[in-house]
Amino acid sequence: MNAARDAFLAAMRQVAATVTVVTTDGPEGRMGATVSAFTSLSADPPMVLVCLKRGSRIARAVAANGVFTVNVLPEDAHELARRFAGVFDDETPDRFHGTDFTATDFGPVLPRATAFTCNVEQSYHHATHEICIGAVTGISNAGEQPRTYLHGAFHVVRPKQLL
């Protein structure tokens, strides 16, 4: 089984993903975490899907609050991605401290992020993760190039120039 897992992880490192921070706010409190498993689910009606590690603080908070915001980070938001991944939690446990975010009823919108505010429509336990389907209630399109993650590192997207 380990060989299949290792092969899967090696192959998934070849798949570029936008770097997103899922935030939530409500009775369970304000929380945020860097997440790479995010995708659109449908346009009619607008729905998105995020996968959160089962039992994590962000998964528990989203389940309790019933809402979340997906922030697609701009390409220069390296420190925000690292902060919400927990890199600085020992020094600054409040990941929002010093961040100029916009508060919403669904979760903070981070600076210059393209954001999707969502109500949790459904969630499913599967293996190690909670699959959360969100009905999109609002969109803030920042128009920024996204930060991406590939081969275990952050990257930027550039269009290929045609000759």
Practice prompt. With springs connecting C-alpha atoms under 10 Å apart, model the chain as a Gaussian network and identify which of Pro74, Pro108, Pro45 has the largest mean-square fluctuation.
Written response: Pro45
Discussion item. In Å², and per residue, what accessible area does segment 1-138 have when probed at 1.4 Å with the other protein chains present?
Written reply: 54
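Per the 1.4 Å probe, what fraction of the accessible area of the chain, in percent, lies on carbon and sulfur atoms? Can you show the working numbers first?
Working: 5240 of 9530 Å².
On the chain, the fraction of accessible area on carbon and sulfur atoms equals 55 percent.
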Item to complete: Could you list the GluC sites (Glu not before Pro) in segment 84-146 that lie in coil according to DSSP, counting only those with at most 16 other Cβ atoms within 10 Å of their Cβ?
Response: Glu91, Glu144
Discussion item. Below 13 angstrom from the Cβ of Ala59, what's the summed charge of the other residues (Lys, Arg +1; Asp, Glu -1)?
Written reply: +2
Worksheet item: In the neighborhood of Phe106, defined by Cβ-to-Cβ distances under 12 Å, what is the net charge if each Lys or Arg adds +1 and each Asp or Glu adds -1?
Response: -1
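The values are calculated or read from the model by the stated rules, or taken from the named source; none is laboratory data. What you see is a predicted model, and the numbers here were worked out from it, not measured in a lab. All Cβ positions, even for glycine, are placed from backbone atoms using ideal geometry, and neighbour counts span all protein chains on display. In case anyone asks, the SASA skips ligands and DNA or RNA and just uses the protein heavy atoms, side chains included. Shrake-Rupley method; radii C 1.70, N 1.55, O 1.52, S 1.80 Å.
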